[in-house]
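The next block holds one structure in the form of structure tokens; read it before the comments.
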């Protein structure tokens, strides 16, 4: 048995090492100077660690004719991500509530259609969506971009909440109805209080998806509202004159930092949230 | 019918959009985000702001403008195109046909662009006989970059024909060096392929088969010969090349790991950044068999229709500034290319650029001046894409020359 | 929630009855327009001769003919089959395995779990370069192992036409298996211990109790995981772009990349639209029966 447990630990740690490798390579590279990267070993520790690359990536690397680093774009991203995550999560919660507990003729079909519909490759919708946004007067605005993220995020947020709420006993809803509670009262007093875990899961999921989005961000943003992924892409895709891999890596890490922080801080709740809703389909 | 409806859409939408834009402003979509390029764009911006034109920067990098073009198309569809966008080659004609481009002919007339620009360049900038775009530079693509140190050690000489290339490359390989530094990405494969086409077939064949898409020329013995030579090159490239960026390949020549690279003149910037001097530390010569020829790649800004008259003025100010000798000098010194306008002072440019300028003028007279198909100057995006696919697949497999020719003919026909 | 509530007016009652539908209405509208409407639009586009921008001159099945005559599409399509199958299967396997092991009261579980999970948090725009280096024979694993003294060691999938698609599988599994692990772990935590104990009293060993008791209970987890993974597989785009650029040649191209390239960079929007439709039909053929059986099953339960 003891040998078995040692085996389990060894296996888990080996996997952990593999999972960490890309991150390790990135962090090490971001701390080296360019000379060391050129001749150096991928996995070696930096000889004299420097934060030069991080400072430059944040504040002075060129992302176009302006060279102000990633900082301004960081806040653009926040302006897009926060409303998009909140709205899509709220809609998902209500949708999930209906689909789990207030089924009507065709509601299952609707859910299936929603799940299937989001299999449409996003590249396909770029042009018709651009036309639609223009019709709504939202072309190249933050509002338009938020709308797009909400629309294509709903399928998954609905899936999460529906699966979670299905596990709530029907008797509970029926009892509340007998007590005269209406649709929203039941949602507020019975469902919301138990929803913290699934809100956590959904918010983490949506935050990750939208923060990391490049395609919608590049197409539907305007000058001055581009999200950080677009800036990162501009920064990394240098074609001429000395590629600074350390700055690229530092920039990549800066762009990934918020999602990493969220996973590290809220990862515990993530699994807990999934636990609460996972086993019931 | 379509043109009209799109144009109507654009007109209708721009009426709605117009009040949002400020007076005298250019919004410029480009993909120049790296070091020297970004500096050059910033210089243009500064000059315009000095004239009271504000600059809204809309940079989208990646894959030679692939992402930028996606953005441009969705902006166009939503009736809200930028003032100017970095577009080049036959694509300018396609945008013109769809009714999106604005004429800047009056600027061109006042500033005598017809006499400043060589005919091959100005033809590309015009749609329906009127200027709709302004060129910023001329790149020569058919360059061979060599490290003389490596050649000396291997006892080889710099090749001037493809037959000679194979002899010399064998010597280099035997001496333990990589003969040809190469990055295995589709566009780089196509760049080498293009050099072989020009060197083996000559400019006349190149023009017929790869610019006019004459099927007889394309389906000829010469094409098979081209594929044979191109296939021979596989052995001179190291096994780790797939996916490598071009500048990494250049640095292999710089640090003496490899002997040669075939790449456009933007490669020069890498040598200069590494502190190397042309003529002594590195050599720039025309790629084998092409000393009397010049494959050109011209970057340009195309101008989109604007409804606001202040913006139209700003647009024209920008056009004028782009062809000004100040901007042409600064930009091309930064980028390694040569100015698009003729007759500029040469002293600040290096010897490679001088060679390029001379070849540009002389090849124009002998008919050796041809558009680069690997860089979107010769044929439509669809056809050049088809050529890319065949070239890159051929170079990365052991397809026979006859089969390569067959695939090329089929792919080009299907894309036309 | 008082008795008074019973005396609600008829209108309020009727409104109440309609509420579930009203709530779903905006989502339904968005779905009809922005998913199915755009699918139809794309379908229509695939029958036109559209090049740089949409244009509505119909040419029948020409674009589909061109698509299937294109050798690159063959490669992309068969890559998707290989990639999709391996990616989903390996992610499920590794995810389940790690979850089972992590569920053995492991010390430091929180830290290990976070390490498994973090790849999901970063996009491939970010990790692509690091992966490219790690898999590159001259820089990464091959060099490392050779430096340890195993000079004959070879790991050159990234630059091998036949094997490049498997490097895409590796990176994709790396990104998603941690998430699958979290889902299974959650599922295991939700399993009633008494069931397992009962099985053990009946003489089942650990292996048997997992196989016969726990896995069937985890069926809904498999469902969610498969939906999410196949979603990721179909849309894998960044991954190829960042890791191989579709190379060597176009050996590691996937349909999403093919579609994007033809629609936006090659001015062959018709072919791009046709390829998108084929992708969707593929999903339809495989996923809909599955969705149907699972959803119907859960209805009964």
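The values are calculated or read from the model by the stated rules, or taken from the named source; none is laboratory data. Fair warning: this is a prediction, and the values are worked out from it, not measured in the lab. Here Cβ is always computed from backbone atoms with ideal geometry, including for glycine, and neighbour counts include all displayed protein chains.
General remarks:
- Of the residues making up region C:86-105, those that are buried (at least 17 other Cβ atoms within 10 Å of the Cβ) and more than 10 Å from chain A (Cβ to nearest Cβ) number 8.
- Residue within region B:201-219 that is without any contact (Cβ under 8 Å) to a residue 40 or more places away in the chain and buried (at least 21 other Cβ atoms within 10 Å of the Cβ) present: yes
- As a summary of the residue check, residue A:198 satisfies the conditions (1) modelled with pLDDT of 90 or more; (2) more than 9 Å from chain C (Cβ to nearest Cβ); (3) more than 14 Å from the chain's Cα centre (by Cα) except for the one numbered (1).
Yes/no per residue for (1) part of a helix (DSSP H, G or I); (2) more than 23 Å from residue A:255 (Cβ to Cβ):
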position: A:4; (1), (2): yes, yes
position: A:21; (1), (2): yes, no
position: A:41; (1), (2): no, yes
position: A:76; (1), (2): yes, no
position: A:80; (1), (2): yes, no
position: A:95; (1), (2): yes, yes
position: A:103; (1), (2): no, yes
position: A:111; (1), (2): yes, yes
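Conditions tested, residue by residue: (1) in the same structural domain as residue B:93 (by TED's automatic domain parsing); (2) out of contact with any strand residue (DSSP E or B) (no Cβ under 6 Å at 6 or more places or on another chain).
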residue	(1), (2)
B:338	yes, no
B:342	yes, yes
B:347	yes, yes
B:393	no, yes
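- Condition met for residue C:240 (assigned to a helix (DSSP H, G or I) and at the interface with chain A (Cβ under 10 Å from one of its Cβ atoms)): no
- Number of the condition not met by residue A:50 [criteria: (1) away from chain B (no Cβ under 14 Å); (2) in a helix (DSSP H, G or I)]: (2)
- Residues satisfying the stated conditions in region C:13-42, i.e. more than 8 Å from chain A (Cβ to nearest Cβ) and either closer than 20 Å to residue A:102 by Cα or at pLDDT 95 or above (or both): C:13, C:14, C:15, C:17, C:18, C:22, C:25, C:29
- Any hit, region C:101-110, residues being in a helix (DSSP H, G or I) and at pLDDT below 90: yes
- Within region A:1-43, being surrounded by fewer than 18 Cβ atoms within 10 Å (Cβ to Cβ), within 7 Å of chain C (Cβ to nearest Cβ), more than 24 Å from the chain's Cα centre (by Cα) and closer than 22 Å to residue C:179 by Cβ holds for A:8, A:11.
- Residue B:305 vs. criteria free of Cβ contacts under 8 Å to residues at least 40 places away in the same chain and either surrounded by fewer than 21 Cβ atoms within 10 Å (Cβ to Cβ) or not assigned by TED's automatic domain parsing to the domain that holds residue B:175 (or both): no
- Filter result for residue A:246 (closer than 24 Å to residue B:245 by Cα, in the same structural domain as residue A:119 (by TED's automatic domain parsing), touching a residue at least 40 places away in the same chain (Cβ under 8 Å) and touching a strand residue (DSSP E or B) at 6+ places or on another chain (Cβ under 8 Å)): no
- Test for residue C:144: is it assigned to a helix (DSSP H, G or I) and free of Cβ contacts under 8 Å to residues at least 12 places away in the same chain: yes
- Flag for residue B:134 being assigned by TED's automatic domain parsing to the domain that holds residue B:196 and in contact with a helix residue (DSSP H, G or I) (Cβ under 7 Å, 6 or more places away or on another chain): no
- Residue match in region A:77-99 (condition: under 15 Å from residue A:218 (Cβ atoms) and at pLDDT 90 or above): yes
- Within region B:364-416, being away from chain C (no Cβ under 14 Å), surrounded by fewer than 22 Cβ atoms within 10 Å (Cβ to Cβ) and in a helix (DSSP H, G or I) holds for B:364, B:365, B:366, B:401, B:402.
- Residue match in region C:153-170 (condition: assigned to a helix (DSSP H, G or I), under 29 Å from residue A:229 (Cβ atoms) and facing chain A (nearest Cβ under 9 Å)): no
- Only one of A:204, A:154 that is assigned to a helix (DSSP H, G or I), within 10 Å of chain C (Cβ to nearest Cβ) and over 29 Å from residue A:23 (Cα atoms): A:154
- Within region B:239-282, the residues that satisfy the criterion of being in contact with a strand residue (DSSP E or B) (Cβ under 8 Å, 6 or more places away or on another chain) and surrounded by fewer than 21 Cβ atoms within 10 Å (Cβ to Cβ) are B:257, B:276, B:278.
- Of the helices (runs of 4 or more DSSP H) lying entirely inside region B:195-264, the ones with 3 or more residues being closer than 25 Å to residue C:246 by Cα are found at B:221-232, B:246-254.
- Positions within region A:53-65 being free of Cβ contacts under 8 Å to residues at least 60 places away in the same chain and either part of a helix (DSSP H, G or I) or loosely packed, with under 15 Cβ neighbours inside 10 Å (or both), in sequence order: A:55, A:59, A:60
- Within the set C:217, C:168, C:271, the sole residue that is surrounded by fewer than 24 Cβ atoms within 10 Å (Cβ to Cβ) and closer than 25 Å to residue C:286 by Cα turns out to be C:217.
- Just one residue in the set C:203, C:272, C:246 is facing chain A (nearest Cβ under 10 Å) and without any contact (Cβ under 8 Å) to a residue 60 or more places away in the chain; that residue is C:272.
- Selection from region B:151-165 of residues that are surrounded by fewer than 22 Cβ atoms within 10 Å (Cβ to Cβ) and touching a strand residue (DSSP E or B) at 6+ places or on another chain (Cβ under 9 Å): B:151, B:154, B:158, B:160
- Single condition residue C:224 does not satisfy, out of (1) out of contact with any helix residue (DSSP H, G or I) (no Cβ under 6 Å at 6 or more places or on another chain); (2) more than 18 Å from residue A:119 (Cα to Cα); (3) within 14 Å of chain A (Cβ to nearest Cβ): (2)
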